[in-house]
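First comes the structure, then the notes that go with it.
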Amino acid sequence: MKHSGNTTGVTVSMLRAFVVLSERLNLSKACEELGATRQTVRRHIAELEAIKGQPLFYVEDRQYHLTDFGAGSIDDAKFILRQIETWSGQSPLVRNSSLWLEKSQYTDPQGREFFSQQHPIFKIASTGLPIMKSALAAWGNAQTQIESDAMAQIRPYLVVFRKSANGWVFVEVGKHSAYSQWFGWVWSKSAIGKLLQEDNAGDDYNEFIAGAYARIYDEGGIRLDHVFAYIPKEGFDDPVPVRLQRLLLGCVFPDGTPGLAVLALVTNQIEIDALQDKDVPSSPEEMLMESSI
């Protein structure tokens with residue numbers, strides 16, 4: 001599509017206006033957060049829409065809403081902004097790739113370091129945990145259909161998400177999943193229908209945890225990561241260190257719409273290059289998920 005003659009290109013200010021307005025859906029609140037006037041924010045959105053050739057928002061009863069095109073574009077905008085922040089040294093999240101496999105590091109405001117390293121799927125055969133091997137076989141036999149009988153055995157260990165215009169929505173939290181075991185019965189039963197980002201952990205932390213979700217969801221593919229993180233746990237004042245193997249599975253609901261199943265297994269069997277010279281704590285012994293189903 002042709003660009004407007006008055007537009008020279010996308011700017012950081014345009015992207016920030018788009019992202020903040022998509023999160024607030026209120027022009028006054030977006031202006032306050034951006035430190036900009038209403039006229040300026042409106043201009044940035046109009047210029048970005050001119051470049052993209054389609055509207056990003058529509059207004060109904062004085063409330064902003066993302067169009068389908070806007071909702072489909074927001075992840076890319078956030079990714080670009082995070083890349084700019086990383087290159088400029090402003091982001092606590094660092095992400096890089098080696099041989100097409102991604103490595104991430106995040107430092108929280110308290111100085112705790114989080115690490116994630118993607119591994120090739122064939123590693124499941126050699127270092128994957130028994131439950132993970134079962135999940136991979138079930139997913140293949142089910143031909144990605146989440147409601148297939150082939151998935152029945154593994155479903156209690158999964159957390160299933162849908163993607164909405166506002167983020168990742170919890171659809172199902174398996175009673176034997178690491179999420180349920182870690183956060184407890186009350187949380188797991190109350191999470192359904194909530195957004196992943198409602199944990200108030202911040203955008204950078206959520207990008208560290210869920211940054212890989214969108215690609216697997218869109219492609220219907222599969223991905224293996226080893227993770228070291230500090231996660232809040234009931235009964236503890238401070239977040240608890242945990243090591244995880246995590247398998248992301250692109251799935252399909254009965255109506256044909258895509259979904260994402262996440263299998264996270266608490267284990268001390270992880271391989272992360274950045275941890276080789278670091279003395280980091282092990283996962284709680286009582287939480288390990290290293291046995292068979």
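Worth pointing out:
- Every condition in (1) free of Cβ contacts under 8 Å to residues at least 24 places away in the same chain; (2) in a helix (DSSP H, G or I); (3) more than 22 Å from Val240 (Cβ to Cβ); (4) of a type outside the set (Asp, Glu) holds for Gln143 except the one numbered (2).
- Flag for Lys175 being part of a strand (DSSP E or B), open to solvent by 50 Å² or more (accessible area, probe 1.4 Å) and either over 19 Å from Cys251 (Cβ atoms) or touching a helix residue (DSSP H, G or I) at 6+ places or on another chain (Cβ under 6 Å) (or both): no
- Matching residues in region 116-165 - criterion: being of a type in the set (Lys, Arg) and more than 19 Å from Ser291 (Cβ to Cβ): Lys123, Arg162, Lys163
- Qualifying residue in region 278-293 (condition: over 24 Å from Thr127 (Cα atoms) and open to solvent by 50 Å² or more (accessible area, probe 1.4 Å)): no
- Evaluating Gln197 against the criteria (1) open to solvent by 60 Å² or more (accessible area, probe 1.4 Å); (2) in contact (Cβ under 8 Å) with a residue 40 or more places away in the chain; (3) in contact with a helix residue (DSSP H, G or I) (Cβ under 7 Å, 6 or more places away or on another chain) leaves one unmet condition, (2).
- Count of region 111-127 residues which are among the hydroxyl-bearing types (Ser, Thr, Tyr) and under 22 Å from the mean Cα position of the chain (by Cα): 1
- Candidate set: region 1-38, residues that are out of contact with any helix residue (DSSP H, G or I) (no Cβ under 7 Å at 6 or more places or on another chain) and open to solvent by 90 Å² or more (accessible area, probe 1.4 Å); chosen: the one modelled with the lowest pLDDT: Met1
- Pair list, Cβ < 6 Å and 6+ apart or interchain, from region 222-241 residues that are crowded, with 20+ Cβ neighbours inside 10 Å to residues that are among the acidic types (Asp, Glu): His226/Glu271
- Region 39-140 holds strands (runs of 3 or more DSSP E) entirely within its bounds, and those carrying 1 or more residues that are under 28 Å from Tyr205 (Cα atoms) and open to solvent by 30 Å² or more (accessible area, probe 1.4 Å) map to 63-66, 93-98, 101-107, 113-119.
- Under the condition of being under 25 Å from Asp108 (Cβ atoms) and either surrounded by fewer than 16 Cβ atoms within 10 Å (Cβ to Cβ) or in contact with a Pro (Cβ under 9 Å, 6 or more places away or on another chain) (or both), the residues counted in region 244-273 number 5.
- When restricted to residues that are more than 20 Å from the chain's Cα centre (by Cα) and either assigned to a strand (DSSP E or B) or small (Gly, Ala, Ser) (or both), region 149-172 contains 2.
The values are calculated or read from the model by the stated rules, or taken from the named source; none is laboratory data. Every value quoted in this text rests on a predicted model; they were computed, and no experiment measured them. Here Cβ is always computed from backbone atoms with ideal geometry, including for glycine, and neighbour counts include all displayed protein chains. Please note that ligands, DNA and RNA were not included when accessible areas were found on the heavy atoms of the full protein model with its side chains. Shrake-Rupley method; radii C 1.70, N 1.55, O 1.52, S 1.80 Å.
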